[in-house]
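Here the structure is laid out as structure tokens; the discussion comes afterwards.
Derivation of every value follows stated rules applied to the coordinates shown; laboratory data play no part. Keep in mind the model is a prediction, meaning the values are calculated, not measured. Ideal geometry is used to build each Cβ from the backbone, glycine not excepted, and the neighbour counts take in all protein chains shown.
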Amino acid sequence: MPRLSDEFLDELRSKADIEQVISSYVNLKRAGKNLVGLCPFHNEKTPSFSVSTDKQLYHCFGCGASGNVINFIKEIENLDFYDAVKFLCDRYSIQMPTDNVDNSLSIKKQRIKEINRAAAKFFYKTLLSQEGKECLDYLLNRGITKETIQHFGLGYAPESWHSLINYMQDKGYSKQELLEAGLARKSEKNNSVNYYDNFRNRMMIPLIDTSGNVLAFSGRVLDDSKPKYINTSDTLVYKKSEQLFALNFAKNKNNGKLILAEGGMDVIALHQAGFTTAVASFGTALTQEQARLISRYADEVILIYDTDEAGQKAIQKAIKIFLQTGIKIRVPKLTGGKDPDEIIRKFGAERFKGMLEGAMNDTEYKILNEREKYDLSTSDGKLNFLQAVTDILAQLNNPIECDIYAGKLSQELDVSKDALLQQISKLKRKKSNTAAKERFNLVKKDIQGYNDKVNPERSLSIKGTKAEEEIIVTLLKSPDYLSKGEPIMADDFITEFNKRVFEIVSERINQGKSTDLFYMSQELSEQERNRLVALQAEMGNFDNDIEYYNSCIEVIKKEKERLTSAKVEEMTDEQFLNAFNKLKK
């Protein structure tokens, strides 16, 4: 994509203040010069996400996510660079430049959203027609009202190979576009290509995002045939691991609480019964991205998966994911049916509401789960249960909470509370030592430069690379050092990544342009930008004087000479002669 001018970026930066933008997604608190909060890009309990209003940059010391206001919107809204800029322009009434800008990807995404919306209307109209009578009867027999059908835009895909394709072609959409939207499939036989509808003879549920765009569909069979559901695969506008069904409704007036159900039909039944904060995923178990999405809208989540073995295993996996977010977790004891839909139909909304109000926290749920595995009337059963429970309690960070559970178990099972606490303490130390070893190994690998995808040559000379990084960060902060300090050229650098960054920075300095990373986003990849923001965050608070800057240059040149000499010593006579002849040229 052609570069956006510095003048335009200046206007965008002045109006789209990073604190204001990020505060609409993250709860930020003042900590000295910066603002801190829980990172929206990875699961954490302790805030490691920092926003610098001076530098107009953010950086997470936990996962390494870094960048400026454009990069933040790009990641949080799952947009490409151009659409992230457009998003901010729309929000702050800024005129988006159109000259020499390639927005073909943005146009393609918008086209897919239009296709999905047209398809949703087709499915809805078909449901209400004679052709959709069987599907409509199926929904009404399940207790789904016509008001709910309209509210969620439910529909019906006819039992035909080309109904949707023919309808959409009449609207001006091509078969290839339907394929890219996940609404059509194709087969290739005997050198001929045949396109056909992806969804046939299914009740259709559209997934609508929080901006009102139709992104995907889930199609359910009307009988017991398999597969029960067919869901839209990932497209340019839809990533199933990053979206939640009904969040567009649930996010409003949820009072900081969301209900996470297992499927779309459960959610529809829950909303109809008055539980309008219910959401679910389409075609995937809960992902970390979905957990982070929930954490943006709620500080408590109630897990109401099916009561069968698969549902209970899914709850346990979900708890592990949510424990990393800091969200309060509650799990109700569901009785009288295999899922929320069945329970509500059998016993009514009030009975189900009581189950939700009596929901256990995650620790209580885990203990109950273990209790049901063992016969506590036997010594072996009691011992095995206590071993499992002490392992659960050893994971708690709150000593008071741990003491309360140990006291309850002591009374219930007639064992010493002190003995339980001693065993818990022993397990905590063991877990702590294991975690410390893992952190040490990670730090060791980082120091040695292993697995460095941004700068794979770092391991050639940790000392020299560190000096290169110091020079780059110093120039970003004090551009005049380029002329004040000892002369250094890009070819003096040891690593190709730092060499290229130095070339970009020094060129901007020589042209009298700003060295703020905000203006370099278009010249760096996401990983490269993250590395530089991280370096700024780690080193940028120190004012390197000119002597230190010059000493870094000296280190680089000595390390470069050492590495070059080492390479020469390893050369054969023929290799040395070839290298010498190249130098003469």
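Cα-Cα over 28 Å: which of Lys133/Lys171; Lys239/Lys431; Lys186/Lys313; Lys228/Lys346; Lys74/Lys240?
Beyond 28 Å between Cα atoms: Lys239/Lys431; Lys186/Lys313.
How long is the gain from Ser160 to Asp80 if the chain were fully straight, where each residue apart is worth 0.36 nm and the alpha carbon distance is subtracted?
25.2 nm
Before anything else, pin down the relative contact order of segment 225-370: Cα pairs under 8 Å, at least 6 apart, normalised by residue count, whole percent.
22
Ranked highest first by average number of other Cβ atoms within 10 Å, how do 275-288, 130-143, 31-44 line up?
By packing density, highest mean first, the sequence is 275-288, 31-44, 130-143.
State the Cα centre-to-centre distance between segment 97-170 and segment 1-63 in whole Å.
About 38 Å separates the Cα centre of segment 97-170 from the one of segment 1-63.
First select every other residue whose beta carbon is under 14 angstrom from the beta carbon of Lys417; then total the charges, Lys and Arg +1, Asp and Glu -1.
That works out to -3.
By its C-alpha gyration tensor, with a ≥ b ≥ c as the square roots of the eigenvalues, how is segment 274-382 shaped: rounded for a/c under 1.5, else prolate for a/b larger than b/c, else oblate?
In terms of gyration-tensor shape, oblate.
Which order do the peptides 104-116, 292-304 come out in when sorted by mean C-beta neighbours inside 10 angstrom, highest first?
292-304, 104-116
May I ask you to sort Lys15, Lys373 by Cβ crowding, counting other Cβ atoms within 10 Å and putting the fewest first?
Fewest-to-most Cβ neighbours within 10 Å comes out as Lys373, Lys15.
Could you point to the label whose value was computed as mean projected area of the Cα convex hull in nm² for the structure here, given (1) 32.4; (2) 33.9; (3) 38.1?
The value computed from this structure is option (3).
Net charge within 11 Å of Glu177 by Cβ-Cβ distance, Lys/Arg positive one each and Asp/Glu negative one each, not counting Glu177 itself?
+2
Roughly what % of DSSP beta bridges within the chain run antiparallel, to the nearest 5?
75
What Cys residues in the chain have no fellow cysteine's beta-carbon under 4.7 angstrom?
That list is Cys63, Cys89, Cys135, Cys402, Cys552.
Taking R0 as 51 Å, what FRET efficiency do you get between Arg200 and Thr564 from their Cβ-Cβ distance, rounded to the nearest 0.05?
E between Arg200 and Thr564, to the nearest 0.05, is 0.15.
Calculated FRET efficiency, Glu147 and Ile462, Cβ-Cβ r, R0 56 Å, to nearest 0.05?
0.25
Could you order the peptides 468-476, 486-494 from most to least packed, using the average number of other C-beta atoms within 10 Å per residue?
468-476, 486-494
May I ask you to derive the FRET efficiency for Phe8 and Glu412 from their Cβ-Cβ distance with R0 = 41 Å, giving the value to the nearest 0.05?
So the FRET efficiency works out to roughly 0.05.
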